[in-house]
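This report refers to the structure that appears directly beneath it.
Read-outs throughout are calculated quantities, based only on the coordinates presented, and are distinct from any laboratory measurement. Nothing here was measured: the structure is a model prediction, and the numbers come from that model. All Cβ positions, even for glycine, are placed from backbone atoms using ideal geometry, and neighbour counts span all protein chains on display.
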Amino acid sequence: MIYKVLGRLAGLCAVLAGVLLTVITLMTCLSVLGRNTTGTTLVGDFELTGVAAGAAIALFLPWCQLQRGNIIVDFFTARASERTNAALDRIGALVLGLCMALLSWRTILGGLSSWSTQSTTMMLGFPEWICYAFMVPPLVLTAFIGLWQGLAGFDAEGQA
């Protein structure tokens, strides 16, 4: 039950990230096309690309963790038993969940600081707190997925 809810939320985050990257790609193409044909460009396109890329990366993290898509270096554990590898995978998921919880907390604090100082980007004056606000929910979801996988373990298909 919980795994299905986590899967749907992670899938929604991944779709949102894909849409965001598609929009940014189209905007970049439009800007480059304008620069090379009419000599005009979209002001601040690099700022929007940076903000959107940060949000998209955070939005992809829950799906990546749910699918166990993170890099696994098994050089030292290639000859270990399945039980040992399963225990190490659970510990790794738990550590990742704790790190994502810490990152979520620090991102919340960064967003609140950006809000209180009204920090904006240089060219467009885009409020930076908006990017933080988009990053917090997927980071929290990734933390929850990692903690759930660490505590509940994985079945034969890698699902928690």
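Condition first: in a helix (DSSP H, G or I), hydroxyl-bearing (Ser, Thr, Tyr) and surrounded by 14 or more Cβ atoms within 10 Å (Cβ to Cβ). Now tell me which residues in the stretch 1-49 satisfy that.
If the condition is that a residue be in a helix (DSSP H, G or I), hydroxyl-bearing (Ser, Thr, Tyr) and surrounded by 14 or more Cβ atoms within 10 Å (Cβ to Cβ), then Tyr3, Thr28, Ser31, Thr49 are the ones that fit.
Quick check on the stretch 53-72. Is at least one of its residues polar (S, T, N, Q), in a helix (DSSP H, G or I) and surrounded by fewer than 13 Cβ atoms within 10 Å (Cβ to Cβ)?
Scanning the stretch 53-72 turns up no residue that is polar (S, T, N, Q), in a helix (DSSP H, G or I) and surrounded by fewer than 13 Cβ atoms within 10 Å (Cβ to Cβ).
Give the stretch 101-139 a look and list any residue that's under 16 Å from Val51 (Cα atoms) and of a type in the set (D, E, K, R), or say none.
Glu128 - this is the single residue of the stretch 101-139 that is under 16 Å from Val51 (Cα atoms) and of a type in the set (D, E, K, R).
Mind checking whether some residue in the stretch 115-135 is out of contact with any Pro (no Cβ under 7 Å at 6 or more places or on another chain), surrounded by fewer than 19 Cβ atoms within 10 Å (Cβ to Cβ), polar (S, T, N, Q) and not in a loop (DSSP other than H, G, I, E, B)?
For the stretch 115-135, residues out of contact with any Pro (no Cβ under 7 Å at 6 or more places or on another chain), surrounded by fewer than 19 Cβ atoms within 10 Å (Cβ to Cβ), polar (S, T, N, Q) and not in a loop (DSSP other than H, G, I, E, B): present.
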